[in-house]
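Quick notes on the structure that follows.
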Amino acid sequence: MWIKSMNTTNNLEFQNKNLEFQDKNLEFPSSNLEFPSSNLEFQDKNLEFPAKLELSEQIAKKLLRLKKPPKELFFKGDTSLLSHPIVAIVGSRKCSKYTQNLILNLSATLKKHGVVVISGGAIGADIFAHEGALPRTIGVFANSLDMIYPAQNEGIIKQIYKRGLALSEFATSHAPRSYDFLARNRIVVGLSDAVVIAQADIKSGSMSSANYAKSAKIPLFGLPQRKGESNGTNMLIAKGDMKLLDDFESFALSFGGELFVNLSEQKSSKDDEILEFLSVNNDFNAAYARFGDKLFEYEIEGLVAIDGAFVRVL
């Protein structure tokens, strides 16, 4: 049951115009920031407007780990997702195909074990994290929830609004400004039990998320990357600030979440040997060894998605 924390939320102060970042020396080149443009889409006026989120004591306590916690949050979707273990997956807007496949596999594995994936809804790593975890995903947006940004992610964002949970500091009619994206990052981190930096350059918004996590003493993890492709994550791992994450099953199990069963997937896999197999084993080589080219027929029919070395039930 959701309750308002009288002793915490009333004392939270946050002014966007005076936003202070934790690492004042960190530079962010403009090419790595997201800027609002005409790439905004207002939704049908008949859709419900966002509602104000009543913070539970647990969530208010999480957010108080931040130096500048949000004064209030607005939402669309399923607020019960906030009561489960939450892992943030963030990274580059220009992540490699290799990283994309890792993110899809990691988020799907977390979902399977009852863990909720949170990210920022941006192009690249964020949207793959949401896609792999739907419907167990939380999107934190730099715009108000009566609009879609960025428009390229419209399909997944609408699914988050409808089936997952969307959060924003802004009630209505707020187009994102450059510093809103960094402010959004701190909320993504603050709600998390662990943060995964999938791929990041040394000077990037994802590195600000890493700084927020370190300051709040939230565990940091990084995906294995090739030399020169993710210098930010490689540097953090080399310095011992971040742990290498290469065993997704063990990582998901460490949160102690209950096994999640998607009712739509359960219905579609009933009496289907291939879908039933993939619901517990998403390794492409193992599936292909057993079912051969039938996997590609399922992909064409829209029943599964083949992401490199992994296969996901859609």
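The values are calculated or read from the model by the stated rules, or taken from the named source; none is laboratory data. Computed from a predicted structure; not experimentally measured. Note that we place each Cβ from the backbone using ideal geometry, even for glycine, and neighbour counts take in every protein chain shown. The area values use the complete protein model at the heavy-atom level, side chains included, leaving out ligands, DNA and RNA. Shrake-Rupley method; radii C 1.70, N 1.55, O 1.52, S 1.80 Å.
At an R0 of 41 angstrom, the distance between the Cβ atoms of Ala51 and Ala305 translates into a FRET efficiency of 0.80.
Could you work out how much longer the chain between Leu244 and Glu276 gets when fully extended? Use 0.36 nm per residue separation minus the Cα distance between them, nm to one decimal.
Details: separation 32, 0.36 × 32 = 11.52 nm, distance 3.08 nm.
That works out to 8.4 nm of additional length.
Return the subset of Lys94/Lys214; Lys68/Lys203; Lys111/Lys239; Lys162/Lys294; Lys61/Lys111 for which the Cα-Cα distance in this structure is over 27 Å, preserving the input order.
Values: Lys94/Lys214 24 Å; Lys68/Lys203 22 Å; Lys111/Lys239 30 Å; Lys162/Lys294 32 Å; Lys61/Lys111 24 Å.
Beyond 27 Å between Cα atoms: Lys111/Lys239; Lys162/Lys294.
Here's how it looks for Phe221: its modeled amide H is under 5 Å from those of Val195, Val196, Ile197, Lys243, which are all 5 or more places away or on a different chain.
In angstrom, the C-alpha Rg and Dmax of segment 94-181 are 12.7, 37.
Once fully extended, how much extra length lies between Lys227 and Asp293, figured as 0.36 nm per residue of separation less the alpha-carbon to alpha-carbon distance?
Details: separation 66, 0.36 × 66 = 23.76 nm, distance 3.44 nm.
Gain on stretching Lys227 to Asp293: 20.3 nm.
Label sites at Leu253 and Ala171, each approximated as a point 7 angstrom past Cα along Cα to Cβ, lie 4.8 nm apart.
Protection proxy ranking, highest mean first, for peptides 253-259, 227-233: 227-233, 253-259, where packing is the per-residue count of other beta-carbon atoms within 10 Å, averaged. Think of a 1.4 Å ball rolled over the protein heavy atoms: segment 79-148 then has 19 Å² of accessible area per residue. The 3J(HN,Hα) values that the Karplus relation (6.51, -1.76, 1.60; θ = phi - 60°) gives for segment 160-176 are, in residue order, 5, 4, 8, 10, x, 9, 10, 10, 7, 7, 10, 6, 8, 6, 10, 7, x Hz. Gly and Pro appear as x.
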